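Comments concern the structure below.
The values are calculated or read from the model by the stated rules, or taken from the named source; none is laboratory data. Keep in mind that this is a model prediction, so the values were computed, not measured. Note that we place each Cβ from the backbone using ideal geometry, even for glycine, and neighbour counts take in every protein chain shown.
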């Protein structure tokens, strides 16, 4: 146990050192770019609006990203986002449920299928629908239990070079240790086809049944509804 804690500490320290170095590199790049913009702005080569946009572009998208296979960072992330809060009661429950929804998207984008499956109860079910599910409509795919959920999600993700999920609004109703959620997501999928980078955007809604077990909120049922898709070539 002690060795495991020491190993985790060392990995986290390494992750922090990497982040500090990259932050310093970003700061240096920001300073150089800012000085360049100011110098040319004084020469009236750049308008004030262009100056603002150029400076903003150096800070709007930091380059630091943690690799998906960095266990130290992932342990740090999970420990600091899933369960730690000073809130209590319904406010704490709503925050935990939102973190559960966001963790599903995060784990999908990092291809952490085991962690994603762990967000579900042992006997959970995922049902995928092409459009609003009606009384007689059958899902196009069904995954039952954590093992099948992990393998099914993994099979679906491995065909893409990268995905990025943006979670939108959600409506959560809580009743004791159970909750119902309806939420929206834009899911972006990238892959290479005949030498061309392709993009598939899905407009998704989720109907979730969420339960609290041993102090943790987990998905008991997740209905994934694909409302629309947009498939096209993508230019980097």
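Of the residues examined, residue 168 is not one that is in a helix (DSSP H, G or I) and either within 27 Å of residue 93 (Cα to Cα) or in the same structural domain as residue 92 (by TED's automatic domain parsing) (or both). Exactly one residue out of 95, 143 is without any contact (Cβ under 8 Å) to a residue 24 or more places away in the chain and crowded, with 18+ Cβ neighbours inside 10 Å, and it is 143.
Of all residues in the range 132-157, those that are within 18 Å of residue 187 (Cα to Cα) and touching a helix residue (DSSP H, G or I) at 6+ places or on another chain (Cβ under 8 Å) total 4. Against the criterion of being touching a residue at least 24 places away in the same chain (Cβ under 8 Å), part of a loop (DSSP other than H, G, I, E, B) and within 20 Å of residue 186 (Cα to Cα), residue 160 qualifies.
Within the range 203-227, the set of residues being within 20 Å of the chain's Cα centre (by Cα) and under 13 Å from residue 96 (Cα atoms) comprises 210, 216, 217, 218, 219. Considering the conditions (1) within 18 Å of residue 118 (Cα to Cα); (2) not in a strand (DSSP E or B), residue 235 is excluded by exactly one of them, (1).
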